[in-house]
Every structure is written in C-alpha cells, then in structure tokens.
Amino acid sequence: MVVEGEMESNVTEPESFWDILQEMDPVWTTTVLLVPCVVVLTAGFFYLYSAVIGLLSKTSVRNKVVVITDALSGLGKECAGVFHKGGARLILCGKCWDKLQELADDLANASDPTVTFPPKLVLLDFGDMDSMPEAVEEILECYGCLDILILNSSMKLRAPAQTVSLETDRLMMDNNYFGPATLAKGVLPTMISRRTGHLILVNSIQGKLAVPFRTTYAASKHAVQAFFDSLRAEVEEYGISVSTINHTFISPSSSSSPEASSSRSLWSLLYTQKPLGVSPDEAATEIVKTLNNKRKEVVIAPSLPKVALYARSFFPNVFFAVMAAGVNNAAACEDM
C-alpha cells in the first residue's frame, strides 16, 4: 500500500500591496504614500485656482462696459477673449479697422451669442492726438458710459539718447503718455457722475526703473506712471479705482524675438526674453485679479528686476555703477 503524503508546495501566494508596505522601511513607506497624494492635491489646487479665476472673470465683468486700447496686441486679444466670455460689453480700440472686425468675428464665433454681447469697435491711434477728441466721443456714445478702462498701448524704442530725434521723442510721449492721459481725462466725467469706475494702466517696469538706451521710452513710462499715481488720490472720493500693473515685458506668441539675441550686458539680464517675460494669458489673469481685489499697484517681475527696484531706492550709487558697467561691457563686446 502506497501512502501518498502531502507534498510541500514551492509556490507561494503573492503578497498584497499592504504586506509589501509593512516590510518596507518606514521612510520609503511614507514616500510611496505621500508622493501620489501631493501630486493629486497639487493638480486639484491648480484646477480649483483656474476655475475660481474663470468664475471671477465672469462675475466681475458681466454686463460691465469695458474699453480695451490696442486690442490687436497679444495682451489686448487675450483680455478681449476673457472679458467677452465673461459677458462684458466690450469696446475694442485699435489702429486698423479690418483687423478689429476680424477680431470681433473671432470672438463671436468662439462664444455663445445668447450670453455675450457683440463687441463695438472704435479706431484709436494715440500717435494722432488731433483725432483723440473724436475717438473719446465715439467711445462714450457706444453705451453712454463705461465701467472699466484698460490702457495697454505702448510704443517701444531702444537707442542711444543722442541718436533719437525730437520728433521721435514727441511721438513716443504721445503714444505712451499724452494718449492714455487724454483718454482717461475724457472718460472721467462720466465715471465721476456715476461715482464708479476702474482705470487700469498696464505699464512697463521702466515706469519705475530706467536702464540705458531706453531714455525716451523710460521717460514716457515714468510720466504716465506719475500721472495715474497722482490721479488715484484725486478720484478716490468718487469711488473710482486706479490700478497700475508694471511688467518686464509681454512675451510674443513666438519664442524668437530680436530682443532675445540682444547684448548680454549686465543690465540686459533684467530684460532678456524667457523666462523673465510675461505671457499674455498671465498678464490677463493678473488684470482680472486686479479688477476683483482693486489693488492699487502690481509688479509682475521675477526676483532680479525686483532686486534692482530696491537697489535703485536704497542703494542708488551701487545701482548706477552696475548700469554703467553694463554699458561698458556692451561696448567692449561690440568692439570685439
């Protein structure tokens, strides 16, 4: 008689995930459990943040009359898209009528006509000051009033001071100072009578910080910055808010730009393209936030330009020395 005994099996049952975790070092166990949670929470945070920003953009501008100057620029188009979807009554301003109509058509095709308003278009050229009274009148005739004025027009120039003609100086001041100031003064009476309104100046950081070869540009930006800083105190009693947003520059849609290959001097590091530039959607998001929290002043810049701002205020001699060294370095590179 053959007795069959039970044979020990060499095959073991697979361990569960929790058994494996118990055998692992506690530090690794914590890491394995924590990392996915952090990833999920981070993704959830950014999703909620974008959702909140989208909701605020809709609630803050719905049915509001919003004027956007230079609506054909990258930032202008981005703001137009955000505010149009948010239900604002847009007045888009620009120099080219055909391109304004094309922008209006794009906005209409990308939105629900039952919850949006067709944009109104106004030709506006800050370089032609003689046309400003007519442009201001046309803007006010669109809806009879306005709630928000976003001034983001800008003319740029980089050149040694002695090479810039007086005519160019005047054109720069018209575009960057006299134009925005004239438009703001033109719409203020209706805001004062209604005791409400918000003026937002999208200005360069050079309204606070001047660097070499930007003499006329920096002067115009300093002038318009001072105008709206003074205006803020004057109109506060009427319930009108004035905000200034200072950025390094608005990055173009393409990654390549003439400034990207500019001189690698010390001071040029303040204005190199990526990653110091601000994308149009980032700037538009900041504008929406400024509308909601009514912040008086916003600086959109990485650490280096902000350090330069503080250095200019508290250590001016050091700042001037660095600027001069940058110019000498640029000149040396050109001679090589």
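The values are calculated or read from the model by the stated rules, or taken from the named source; none is laboratory data. Everything numeric in this text was worked out from a predicted model, so none of it was measured. Using ideal geometry, Cβ is built from the backbone for each residue, glycine included, and neighbour counts are taken over all protein chains shown.
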_Where Glu167 falls short, out of the listed (1) in contact with a Leu (Cβ under 9 Å, 6 or more places away or on another chain); (2) surrounded by fewer than 17 Cβ atoms within 10 Å (Cβ to Cβ)_ = (1)
*Is there a residue in segment 189-209 that is outside any strand (DSSP E or B), surrounded by 19 or more Cβ atoms within 10 Å (Cβ to Cβ) and touching a Cys at 6+ places or on another chain (Cβ under 9 Å)?*
yes
*Name the single residue, out of those in segment 78-109 being under 19 Å from Ile139 (Cβ atoms) and charged (D, E, K, R), that is surrounded by the fewest Cβ atoms within 10 Å (Cβ to Cβ).*
Lys99
*asked:* Here are the criteria: (1) free of Cβ contacts under 8 Å to residues at least 40 places away in the same chain; (2) surrounded by fewer than 14 Cβ atoms within 10 Å (Cβ to Cβ); (3) part of a helix (DSSP H, G or I). Tell me which single one Asp112 does not satisfy.
replied: (3)
*Give the number of residues within segment 115-147 that are in a helix (DSSP H, G or I) and aromatic (Phe, Trp, Tyr).*
1
*Identify, by number, the condition in (1) under 22 Å from Ser243 (Cβ atoms); (2) assigned to a helix (DSSP H, G or I) that Met172 doesn't meet.*
(1)
*Among (1) part of a loop (DSSP other than H, G, I, E, B); (2) under 20 Å from the mean Cα position of the chain (by Cα), where does Ile150 come up short?*
(1)
_Scan of segment 210-235 for residues that are in a helix (DSSP H, G or I) and small (Gly, Ala, Ser), ordered by number_ = Ala218, Ala219, Ser220, Ala223, Ala226, Ser230, Ala233
*Which helices (runs of 4 or more DSSP H) sit wholly inside segment 239-336 and have at least 1 residues that are modelled with pLDDT under 85?*
303-314, 316-335
